[in-house]
1. Step through the residues of region 380-387 one at a time and calculate ³J(HN,Hα) from phi using the Karplus curve (6.51 cos²θ - 1.76 cosθ + 1.60, θ = phi - 60°), rounding each to whole Hz and writing x for Gly and Pro.
2. Compute the Kirkwood hydrodynamic radius of region 30-132, taking the inverse of the mean of 1/r over all pairs of distinct Cα atoms, and give it in Å to one decimal.
3. Could you give the nm distance between label points at K5 and S135, where each point is 7 Å from its Cα heading toward the beta carbon?
4. What full-extension length gain, to one decimal in nm, is calculated for E314 and E96 as 0.36 nm per residue of separation minus the Cα-Cα distance?
5. Sort region 436-493 into rounded, prolate or oblate with this rule: let a ≥ b ≥ c be the square roots of the eigenvalues of the Cα gyration tensor; rounded if a/c is under 1.5, and if a/c is not under 1.5, prolate when a/b is larger than b/c, oblate otherwise.
6. Label points 7 Å out from Cα along the Cβ direction at N183 and Q535: separation in nm?
7. Rank-order 132-140, 298-306, 377-385 by packing density, defined as the average count of other C-beta atoms within 10 Å over each peptide's residues, highest first.
8. I need H599, H714, H520 ordered by Cβ neighbour count within 10 Å, fewest first.
Amino acid sequence: MIMEKKNSILIVDDDAANLMELNSILQFDYKLYAVSDGSSALEKAKESLPDLILLDVIMPDMNGFEVISKLKKTDSTKSIPVIFITGLSEEGNESEGLTMGAVDYIRKPFNYDVVKLRVSQQIKIVNLQRELVNSANAAEAANKSKSKFLANMSHEIRTPMNAIMGITNILMQNDSLSDEIENSLEMIYASSEMLLGIINDILDFSKIEAGKLSIIPAPYKVASMINDAVHLNMMRIGNRPITFELQIEETIPADLIGDELRIKQILNNLLSNAFKYTDAGKVTMSVAAESKPDSKDITLKFCIQDTGHGMTNEQLKSLFEEYSRFNENAKRNIEGTGLGLSIMQRLVKLMNGDIEIESEPGKGTTVIVRLPQGTANSCVLGPDIVDSLRRFHKNNIAQRKKNTLKREPMPYGKILIVDDTETNLYVAARLMNFYKLQIETATNGREAVEKIKKGNTYDIVFMDHMMPEMDGMEATRLMRDMGYTNSIVALTANAVTGQADIFLENGFDAFISKPLDIHHLDTILNNLIRDKHPQEVIEAARRQNAEALPQRSFQQIDSLLLESFTRDAKKAVILLEELFSKSDYKSKEGLQKYITCVHGMRSSLAAINESELSKTAQNLEQAGREQNIELITQVSPGFINDLSRLLEKFETKQDGNITNANPLPDNAGSLHDKLLALKERAAEYDRKGALDILAGINNCSAETTTLLETVKEHIIHSEFEEAEKALKVYLKNL
């Protein structure tokens with residue numbers, strides 16, 4: 001039988017008879033301590049930390065008021081409740097005691113029931129407060145545990161996703177691919193992006209729950225924001241008979257101040273749902289601006305209307321519940337966690353906006369979102385830009401944004417990529433090869449530090465976060481302590497909220513998460529390399545790099561991936577054999593090396609579709625974290641043998657050659673027709689279409705060549721309006 005722990009009480013009174021009487025009243029319900037003077041009371045309170053103190057007022061060496069004053073000034077005892085016991089009847093004494101922090105009074109001579117009830121009441125309060133504190137501590141511990149789990153989940157999933165999406169992205173840059181391969185790559189990338197979206201939804205929801213997701217206002221271009229949001233969702237139409245219409249007021253300010261990223265997240269959710277739940281018919285997006293009384297600021301009004309399935313009143317009531325999806329029975333093939341709408345609603349509230357929804361089963365849904373925004377200037381969109389945004393989708397379903405990025409050649413730039421996994425190094429290096437950068441690599445932080453010690457300098461050091469021997473944080477700190485001032489960018493699979501701030505506080509200049517987003521990467525390279533070099537150097541590089549980079553075939557990329565895996569696996573086999581030959585894996589340091597090694601192989605094996613062996617590595621990693629030495633001892637030898645046999649199998653397959661097949665499109669039609677087509681592509685914000693036309697224009701006059709270079713620069717940097725204007729003026733005089 002488990003005995004409940006009794007609450008403790010310290011009784012302080014200089015009269016032995018009082019001590020004995022209180023003891024007889026309370027001894028069966030509480031653990032009691034008794035002292036007869038103030039000095040002893042202070043010492044016993046610090047030593048025993050009782051739940052309650054019964055304190056006499058009148059004592060010879062130190063009265064009760066002096067004792068409570070000292071108790072309240074000491075950190076360890078200031079929270080202990082005190083009940084005064086006194087024979088004094090003056091109200092002034094009682095008032096003074098309560099003012100000094102006493103919680104109650106018990107008068108002499110003692111009434112048995114009164115003593116029991118007043119003490120019991122205070123003990124109940126003490127226990128309730130303790131329960132509240134324990135609950136709060138448990139909640140905080142659970143929140144920390146959840147945050148740790150989310151950080152680990154983010155890292156574990158994003159590491160193999162980095163290889164899948166990165167390599168797919170590299171392959172998609174090759175214009176010579178067959179339609180079948182190109183379509184297959186599109187599906188791989190779309191599925192990977194969908195999975196990444198689910199991960200981001202879960203992480204975003206966690207941030208909102210923890211109150212850590214904030215709105216970051218900044219100036220942005222309204223036309224670009226609308227264009228990006230619509231482009232992203234046009235792919236969702238597929239082959240379904242759906243018409244999309246875009247209605248935009250011409251008087252909307254061209255430049256606003258708000259959180260563009262979160263607005264696009266809201267629009268993406270609304271548009272994706274409209275397309276998901278519409279099998280045929282029409283989806284309309286309307287954008288308007290509502291002025292605010294006595295203010296220069298405005299309210300952006302978005303209205304998304306579809307002719308899809310619609311919802312019942314019951315479904316509308318539960319629409320924003322977490323993990324719920326409306327019309328689920330009718331559309332069992334719809335992807336997603338059901339978190340998107342709940343996140344969207346909370347984002348709208350964070351921006352002080354509001355949302356209205358009307359829906360009818362079988363007739364469709366209308367959603368209206370209003371978001372207050374600041375104004376940057378007095379410019380408005382105007383008829384030309386609005387007309388361009390309206391027309392862009394009628395002639396061309398936009399190509400994936402991932403395929404239309406035009407890289408700035410930077411042969412003058414030098415970078416160092418630091419990552420302990422060869423596969424990750426391969427992906428990062430291949431993505432950056434498109435910029436013609438001078439690229440060096442290092443497989444851990446210590447190796448990177450040694451390069452800096454030798455006097456090497458780089459425009460950017462891309463530093464992985466989690467590495468054996470020396471992680472990215474420590475390596476960056478050592479570099480900064482050595483006086484290295486060039487840019488260091490955190491490269492990590494941990495994308496949980498707050499990480500960016502942590503990296504910036506520890507000496508990094510920027511932060512990019514895995515899987516590598518090529519647009520974010522492009523921004524970092526432009527800001528930290530291109531924009532820091534003299535203009536004449538940049539112009540010279542542009543002239544020298546008119547031809548596109550050579551592309552590699554699917555088979556050659558596969559060969560390079562196997563090459564990277566082979567290097568990773570060889571190092572892993574050597575380390576594991578060394579750990580087992582000396583039984584070092586049983587020590588704390590050796591076990592950590594073991595965990596790091598099998599963790600890396602888990603990701604590398606998954607990247608080459610060796611799922612069974614990757615699962616074994618995952619189980620061994622988990623066993624290491626749980627310190628299950630018995631399981632490690634039993635399973636590891638077989639894992640090492642399987643890994644060695646896999647190495648032998650792949651070592652005969654590594655002879656990938658570089659091809660150079662990126663032909664320019666054939667010339668067709670007159671220059672005037674091509675320039676008209678180019679102007680139309682610019683008006684439709686169609687980067688790839690414009691660049692394809694530019695690549696097909698040859699043998700021009702110096703004046704036309706100058707124009708085309710100007711237009712190309714505008715298109716590369718998404719300045720579509722400027723490109724259209726330049727072509728309009730030139731065509732008028734042609």
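1. 10, 4, x, x, 5, 5, 4, 5
2. Numbers: mean 1/r = 0.0713 Å⁻¹.
Evaluated on region 30-132, it is 14.0 Å.
3. 1.9 nm
4. 72.4 nm
5. Numbers: a/c = 1.44, a/b = 1.11, b/c = 1.30.
Note, shape of region 436-493 comes out rounded.
6. Each label point is offset 7 Å from its Cα along the Cβ direction, giving 4.8 nm.
7. Values: 132-140: 10.0, 298-306: 20.0, 377-385: 14.6.
Ranked from most to least packed, the peptides come out as 298-306, 377-385, 132-140.
8. H520, H714, H599
Read-outs: derived from the displayed coordinates by stated rules, not from any lab. All values derive from a computational prediction rather than experimental measurement. With ideal geometry, Cβ positions are generated from the backbone for all residues, glycine too; neighbour counts draw on all protein chains shown.
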